[in-house]
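The values are calculated or read from the model by the stated rules, or taken from the named source; none is laboratory data. Note that the structure is predicted; figures quoted are calculated from it, not measured. Every residue, glycine as well, gets a Cβ built from its backbone with ideal geometry; the counts of neighbours run over all protein chains shown.
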Amino acid sequence: MIVRPKPGLWQVAFAVRGSILPRIAGRLASIAVICVFAVLAAEARPGLFAQISAIPFTLIGIALSIFMSFRNNACYDRWWEGRKLWGSLVIAVRSLARRITTLDEGDRAFILNGVSGFTAGLAARLRDRDEVAAIVAHSGEGPWRGAVNPCDRLLTEIGRRCLTLMQAEKIGAIHHSLIEEQLHLLAQVQAGCERIALTPVPFSYSLLLHRTAYIFCLALPFALAGTLGWWTPLPVLLVSYTFFGLDALGDQLEDPFGMEPNDLPLDAMARTVEREMLSALGECDLPPAIAPVNYLLN
């Protein structure tokens with residue numbers, strides 16, 4: 001995720017890091033070449049594009065911008081929902097840590113290391129990395145290694161430990177239900193994240209907007225070259241930057257758990273949970289918090 005202070009005039013005009021420009025630079029260069037070709041053709045044969053009116057492009061551009069806004073809103077909703085789910089995860093693990101402060105050190109270590117492993121494992125699962133290795137690094141070996149859903153199996157083992165504690169009368173039934181409530185919230189977070197990751201925006205909808213944006217930006221130079229001449233690249237590149245930029249930004253926000261610059265910093269949030277759980281166990285040698293590098297927090 002890009003982390004930058006509020007940009008001033010200079011940053012708005014020239015900032016590249018954190019912008020969508022590197023992602024669409026190749027497409028803009030292609031549009032610039034087509035603009036030059038259209039202007040040269042218009043100069044070589046005056047009146048060649050005289051019958052191409054800019055009015056239809058105005059109407060199509062308005063309609064395209066509206067539909068693209070709908071898609072980007074849908075993609076941003078996915079991104080924001082993913083962030084809210086991970087915020088709920090942080091709340092749940094903090095609440096769980098408070099509710100087990102009266103347990104023995106061994107039981108607390110098993111549960112707190114377990115939720116750290118769950119958080120790291122969920123981040124790895126959402127990014128198609130080795131989920132089991134992430135869990136083992138925090139929670140050690142366990143029955144989750146051969147499980148279909150290692151993160152859920154880890155929560156099950158934590159629930160079993162808490163049930164054993166209740167049967168041994170180390171915690172009461174009400175205390176157990178409060179702990180189980182937080183484990184249920186963690187399971188809900190995992191299910192919500194998997195729903196976002198496994199249910200993309202309908203491909204046909206995205207494909208329609210991609211094709212329309214490309215056709216519009218490729219055809220626009222020929223509608224303006226006859227009247228604007230060598231000024232044609234300026235409005236065409238500005239429009240192309242807007243449409244291609246919104247299109248590329250929507251692609252990044254559609255999968256909020258990926259590794260694109262605007263995706264959620266799952267590793268940084270997992271490290272936050274790890275540090276807080278180790279601190280709750282009385283550890284002083286904590287792993288460092290993940291800080292932004294060149295404005296990129298990941």
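Computed quantities for the displayed model
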{"item": "Counted residues, the stretch 210-265 - those being under 22 Å from residue 19 (Cβ atoms) and not aromatic (Phe, Trp, Tyr)", "result": "32"}
{"item": "Filter result for residue 96 (within 19 Å of residue 282 (Cβ to Cβ) and part of a loop (DSSP other than H, G, I, E, B))", "result": "no"}
{"item": "Unique residue being of a type in the set (A, V, I, L, M, F, W, C) and farther than 20 Å from residue 281 by Cα when the list is 154, 163, 103", "result": "163"}
{"item": "Test: residue in the stretch 177-197 that is modelled with pLDDT under 90 and either over 17 Å from residue 57 (Cβ atoms) or within 24 Å of the chain's Cα centre (by Cα) (or both)", "result": "no"}
{"item": "Filtered residues of the stretch 180-198 (kept if under 17 Å from residue 90 (Cβ atoms) and in contact with a helix residue (DSSP H, G or I) (Cβ under 7 Å, 6 or more places away or on another chain))", "result": "182, 183, 185, 186, 187, 189, 190, 192, 193"}
{"item": "Scope the stretch 123-147; condition over 19 Å from residue 89 (Cβ atoms), modelled with pLDDT under 90 and not charged (D, E, K, R); matching residues", "result": "140, 142, 143, 146, 147"}
{"item": "Among the residues listed as 74, 44, 50, the single one being surrounded by fewer than 18 Cβ atoms within 10 Å (Cβ to Cβ), over 30 Å from residue 251 (Cβ atoms), modelled with pLDDT of 80 or more and among the hydrophobic types (A, V, I, L, M, F, W, C)", "result": "44"}
{"item": "Any hit, the stretch 152-175, residues being touching a residue at least 60 places away in the same chain (Cβ under 8 Å) and surrounded by 19 or more Cβ atoms within 10 Å (Cβ to Cβ)", "result": "yes"}
{"item": "Hits in the stretch 217-264 - residues which are of a type in the set (A, V, I, L, M) and free of Cβ contacts under 8 Å to residues at least 40 places away in the same chain", "result": "228, 234, 238"}
{"item": "Residues being aromatic (Phe, Trp, Tyr) and in a loop (DSSP other than H, G, I, E, B) - total across the stretch 29-60", "result": "1"}
{"item": "Only one of 279, 240 that is in contact with a Cys (Cβ under 7 Å, 6 or more places away or on another chain) and of a type in the set (Ser, Thr, Tyr)", "result": "240"}
{"item": "Leading residue by the ranking (surrounded by the fewest Cβ atoms within 10 Å (Cβ to Cβ)) among those in the stretch 265-298 that are touching a residue at least 40 places away in the same chain (Cβ under 8 Å) and among the polar types (S, T, N, Q)", "result": "294"}
{"item": "Leading residue by the ranking (nearest to residue 107 (Cα to Cα)) among those in the stretch 243-284 that are touching a Phe, Trp or Tyr at 6+ places or on another chain (Cβ under 7 Å) and aliphatic (A, V, I, L, M)", "result": "269"}
{"item": "Identity of the residue in the stretch 221-251, of a type in the set (S, T, N, Q) and surrounded by 18 or more Cβ atoms within 10 Å (Cβ to Cβ), that ends up nearest to residue 292 (Cα to Cα)", "result": "240"}
{"item": "Selection within the stretch 176-196 - among the aliphatic types (A, V, I, L, M) and either touching an Asp or Glu at 6+ places or on another chain (Cβ under 7 Å) or free of Cβ contacts under 8 Å to residues at least 24 places away in the same chain (or both)", "result": "187, 191, 196"}
{"item": "Helices (runs of 4 or more DSSP H) completely within the stretch 199-298 that count 1 or more residues being closer than 30 Å to residue 53 by Cβ and touching a helix residue (DSSP H, G or I) at 6+ places or on another chain (Cβ under 6 Å)", "result": "203-228, 233-254"}
{"item": "Answer residue from the stretch 194-220, given it is touching a Pro at 6+ places or on another chain (Cβ under 9 Å) and of a type outside the set (S, T, N, Q) and is surrounded by the most Cβ atoms within 10 Å (Cβ to Cβ) among those", "result": "220"}
